[in-house]
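The values are calculated or read from the model by the stated rules, or taken from the named source; none is laboratory data. Everything numeric here is computed off the predicted structure, so don't read it as measured data. Note: ideal-geometry Cβ built from the backbone for every residue, glycine included; neighbour counts use all protein chains shown. Ligands, DNA and RNA are stripped out before the accessible areas are found, and what is left, the full protein with its side chains, is counted by its heavy atoms. Shrake-Rupley method; radii C 1.70, N 1.55, O 1.52, S 1.80 Å.
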Amino acid sequence: MQKVATAPLAVTGGDPAGIGFDITLAAWAQRSALGLPPFALFADAGALAERAATLGLTAPIARISELSQTATVFTHSLPVVDVTQSAPTRAGHPDSANGAAVITCIERATAAVIQGHASALVTNPIAKNVLYAAGFKHPGHTEFLAALAERHHPGQTFNPVMLLSCDELRVVPLTIHVPLAEVPGLISKAAIIKTAGILDAGLRRDFGIANPRIAVAGLNPHAGEAGTIGREDEEIVRPAVEALQNKGLRVTGPHSADTLFHAAARETYDAVIAMYHDQALIPIKTLAFDRGVNMTLGLPFVRTSPDHGTAFDIAGSGAARPESLIEALRQALSASQRRAGVQV
């Protein structure tokens, strides 16, 4: 088993009809200029080669059997742990017949990280609706990774938390892919306290922030304006913030979301807990649409991902930009180094 600090990153190809192949090839092509860490891709090597040809890229692809080969191969070829698909890939045309291979790539890459053969997991985007026909039974990528962690750690339960980050902002949505009408019923004091605890630990461990400052957004306009615009902020959010403060965490709120994300406000905290999906994702995608990173806290390994989807409409066209994946690779490296006790 390699030391985690020096092991390569394990990257999954995501849906082969999406832009995962495009941006991975583009990132590898810039490896030297950007000083990217060695990584191996879990994907169908033949389908990847076809995409490289479609894009007009000169990218030698090397099938590897052991991740220990990655560093040597990476200098001249893109290392690939070959996972054979059931059907040919057409860029922009997802095929549920390849869902099983996509799932296998995630399973094998995750196992490699947990076993110490890779230092961190970086996942390219998947399309859940495509995977459901292949037996995928999880609400999303993150929940699947938590289930895999529990598979490898029998008897343990993990509570994954989605952190979206860029240089300017870190934000966690308390509720994610649920209808807006259901959000108020899903917000609870316990959920806020649990999420804040996981976020505080993640900021310390993975970002090296010794005493994190966490701001909690209110649910309602003006954070409820003392209860005159909804009672949730006074009856749920504020008591949760006070309980966290009593535990010694540097947490403030509820804050009015409409004044929480401008430049001066961002200087007052290290991360925000937002109440729902768009409250979190609109500001970060406005600030860094091509640079945002999705990092999962609360798992026993480091996982990052580009903060965008499969983009089937531009797959194979050469229009996909790799910046978010590049930042995900860098963040995965720095977080895994911190966990291994390496000075970053």
Taking the dipole of the chain about the Cα centre (Lys, Arg +1; Asp, Glu -1; charges at Cβ), the one of Asn246, Ala100, Ser324 that reaches farthest to the positive side is Asn246
Treating the beta-carbon of each Lys and Arg as +1 and of each Asp and Glu as -1, no other charges, what is the dipole magnitude of the chain about its Cα centre, to the nearest 20 debye?
900 debye
Tensor-based shape of region 185-232 (alpha-carbon gyration tensor, a/c under 1.5 rounded, otherwise prolate or oblate)
prolate
Quick check: the distance between the Cα centres of region 135-212 and region 56-105, to the nearest angstrom?
29 Å
Can you tell me the FRET efficiency between Thr6 and Ala210 if r is taken as the Cβ-Cβ distance and R0 is 25 Å, rounded to the nearest 0.05?
0.45
Using +1 at the Cβ of each Lys and Arg and -1 at the Cβ of each Asp and Glu in region 125-188, identify which of Ile176, Pro139, Ile187 lies farthest towards the dipole's positive end.
Pro139
Accessible area per residue in Å² at 1.4 Å probe, computed on the chain:
42 Å²
Sum -39500 (n - 2.57) across every DSSP H segment of at least 4 residues in the chain, then divide by the residue count to get the 222 nm mean residue ellipticity, nearest 500.
-10500 deg cm²/dmol
By the C-alpha gyration tensor axes a ≥ b ≥ c (rounded if a/c is under 1.5, else prolate when a/b exceeds b/c, else oblate), the shape of region 222-269 is oblate
Note the angle between two axes, namely the Cα long axis of helix 20-29 and the longest principal axis of the Cα atoms of the chain, as a number of degrees from 0 to 90, rounded to the nearest 10.
70 degrees
Restricting to DSSP loop positions (anything but H, G, I, E, B) with no more than 16 other Cβ atoms inside 10 Å of their own Cβ, which chymotrypsin sites (Phe, Trp or Tyr not before Pro) remain in region 245-344?
Phe289
Taking a cut-off of 24 Å, what percent of all Cα-Cα pairs in region 40-167 are separated by more than that?
36 percent
Largest-first ranking of Leu199, Leu186 by accessible area, probe 1.4 Å, whole protein assembly kept, is Leu186, Leu199
Exposed-loop cut sites defined as GluC sites (Glu not before Pro) in DSSP loop states with at most 15 other Cβ within 10 angstrom; longest site-free run of the chain spans 67-167
Stokes-Einstein, Kirkwood over Cα pairs, the chain, 10 °C, 1.306 mPa s; D in µm²/s equals 77 µm²/s
